[in-house]
1. Counting residues in segment 312-396 as N, plug N into 2.2 N^0.38 Å and put the Cα Rg over that result.
2. Distance from the Cα centre of segment 174-236 to that of segment 474-522, in angstrom?
3. So what is the relative contact order for the chain, in percent, with contacts set as C-alpha pairs under 8 Å and at least six apart?
4. Using a 1.4 Å probe and counting only protein heavy atoms, arrange M712, M292 so the residue with the most accessible area comes first.
5. Quote the accessible area belonging to H152 in square angstrom, nearest 10, computed with a 1.4 Å probe and with ligands, DNA and RNA left uncounted.
6. How about segment 650-729: which chymotrypsin sites (Phe, Trp or Tyr not before Pro) there lie in a loop by DSSP and see at most 10 other Cβ atoms within 10 Å?
7. Of the listed pairs K334/K406; K5/K59; K170/K406; K215/K251; K275/K587, which have alpha-carbon separations greater than 20 Å here?
8. To the nearest 0.05, how large is the calculated FRET efficiency for D368 and E57 if R₀ is 51 Å and r is the Cβ-Cβ distance?
Amino acid sequence: MKWAKYKEKTICLAKLPREKYQIVYESALRGKMTCLKCGEPVRLYLGIQQEPHFYHEHKQNCAINERGTSVWKPPISVKNNTLFHKKEQVVASSKNDYLQRLMQSGIYLDETQMKAVRTTEGPLLVLAGAGSGKTRVLTARTAYMICERNIHPASIMLVTFTTKAAKEMKQRLLTYPEIRQNSISFLVTGTFHSIFYRMISHFQPERWQMNRLLKREWQREQLIKEAGRELGLDEREFAYDQALQQISYWKNTLLTPKDTEPQSQWEERVSYLYKRYEELKTERGQFDFDDMLLGCYELLLENPGLLARYQERFQYFLIDEFQDINKVQYEIMKMLSNHTKNLCVVGDDDQSIYAFRGSNPSFILEFDKEYPEAQIITLSENYRSSHTIVTTANKVISLNKQRRQKQMRAQFDNDHLPLFFFPYDEEEEATMVVEDIKERIRQGAEPRDFAILYRTHAASRAIFERLSQCGLPFIVEQDGESFYQRRIVRCLLAYLRLSLNPNNEEAMNDLLIALFLKQSALQELKAISIIEDCSLVKALAKLSNIQPFQQKKLRKMVPLFKTLAALKPIIALETIEKEMGFEEFMKKRGNEGNVMEKGSDDLRDLKVVAKKFKTISAFLSHVDEMIQATSEAKQFSKQQTNAIQLTTIHRAKGLEYKYVYILGAVDGCLPHDYALDTYRNGDELPLEEERRLMYVAMTRAKEALFISVPEMRRMKKAHASRFIKYLIE
Ligand SMILES: Nc1ncnc2c1ncn2[C@@H]1O[C@H](COP(=O)(O)OP(=O)(O)OP(=O)(O)O)[C@@H](O)[C@H]1O
């Protein structure tokens, strides 16, 4: 049905502007839309597979004579240009006894996987495409070395990217024939950090006591802020999180404060902070995670005798996720394995996505230059995804220049061609995805079959809200804060909160930064409000310890708070931006070097939500509800296993799901704006990393892949991501 009634008005989808669909959808959810024929409530279908239409939830739709075509853009499926050839069963026959027994116990290996397992001596690079079974190869290789080659497990070092991966590998090993708990316990497995920490704390126990570790981000921030105060940097304005990331990057690439070559005023400041951060840390005998790596590097470099002892102990080295190794890790592993060169590295240059942390794909790209005798084995059978997912992902990644040429081949085909769909904006995108998931769950899918992937946390706001409201179980990342608790968003909300309650202390505290006032001003404001018997907002106009120009500005601004209260939220935000100095504040902040997260983006994101509400109080209740929902969702995520996964692409690496939805496939989102900026300035590397992110996202899908290309983003016309544009034209 294309027609329905809202109060006395007739709504025709063919004539309804595209931006109104979401509002009609929500009105229908509240039972406000009725059938033209029978007068009963109708819902609006706003999903991916069919054209939007009204429908009766619990009975057959009424027959209405309708005309007109809608403004809906139907989804486009990727054309399947390459035929799927079912490969003969690629299970390799093995003359070798242990591998034979492995196969008999149900752990199959194809020919190339088997070759990688058998090549135990000398440097070996296993280039493992997505889903090609590198975890299986690594575990089988370890078992093979122990059981067939009689290599003592204590002489094997197996490095994984996460502690979870190390644990899983050990558990898997235990299910392999002839592997006993006893031999597993001799194996040295873990992340670079855990293995190197064991080494340094053994030799320098005093220096590396755990209670000296700056374990949490806030501990590092505290230290760097101390250094920042020496430079007179405003605690709440300077992008300290970015500065810490930059320092970490320098440390992981073995650059001391003296070696840094700042490229901007911001980097100059960070370089100074780096120097002071290190000094303060040393004075207090503390260390951070990066120091564990550097400490190990220095220990081995300065103590050849000790290095020799380790070399005697370890003969074989296996490194997983080699594409994400950084310089200091690489140099340590090179030293440790230098005597035997039995170094097996497994990775996929196409999945290198941690350059901002100092990872460098050049180590995998140039492995054979470093080790000319190295064997290279490419695993290109993809056991995870369907044929068209694989060929589409191949097409996307093949446009990267910095990569080793390879093509994955799928093992199965199905009818689900990767689908691009075109929501109006972020709000409708979330609705369409949730509708689609609901439909599939009704047809028998499990919540755990689904993952919704996005480029940045901020991009998950709408989908989080829709899922919270619809009651489907979902899991969020533990460290993701609510969108409404981001610094800039809190600040904007503070204006709105104070317009309704001019004595809201917490809001006033959030607001100070945007007014260029120090935090101490809050005490003064409270004193004024008591002495002069006025609200905190009115007290702003009476502040005395500030510059005259600032006083003038505040006096002009104070009466505006009252007018805000009566405005629609979207208009109120525009007033805050243009008339209450927020634009100016943002411009100043823009210079602070935070290239990834611009305050103006937060403002535009907030406007997208605000436009759905008629009053500020309704908008703020929604905000508070969602802040509450975030902490509940985090609690819930700890216990749930059968739930839809909401995650950034970075966090989805290594995981697989039956159905994957990728949000925001538009320029500016994926690829991220900052990569487009650097590209315009002549540096293509960040853009290539963004393409790898798209590739990682696509290759998480087993059976079906849905890519969303919204028409509008942050209230502006959006353009299909350059990574996929040519696939839909
Ligand atoms: N020879 C094989 N025969 C059948 N299935 C296999 C084989 N090798 C691996 N698999 C299966 O293929 C899937 C992908 O394997 P795995 O997760 O090890 O891939 P991966 O290379 O680590 O992927 P990615 O790098 O994309 O995270 C798993 O479900 C695994 O059990």
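The values are calculated or read from the model by the stated rules, or taken from the named source; none is laboratory data. Please read these numbers as outputs of a predicted model, since none were measured by experiment. Every residue, glycine among them, receives a Cβ derived from its backbone with ideal geometry; neighbour counts consider all protein chains shown. Each accessible area value is taken on the protein alone, full model and side chains, heavy atoms only, with ligands, DNA and RNA left out. Shrake-Rupley method; radii C 1.70, N 1.55, O 1.52, S 1.80 Å.
1. Numbers: Rg = 14.9 Å, N = 85, 2.2 N^0.38 = 11.9 Å.
For segment 312-396, the normalised Cα radius of gyration comes out at 1.25.
2. 34
3. Relative contact order here is 16 percent.
4. Result, largest first: M712, M292.
5. The accessible area comes out at roughly 100 Å².
6. none
7. With Cα atoms farther than 20 Å apart: K334/K406; K170/K406; K275/K587.
8. The calculated FRET efficiency here is 0.25.
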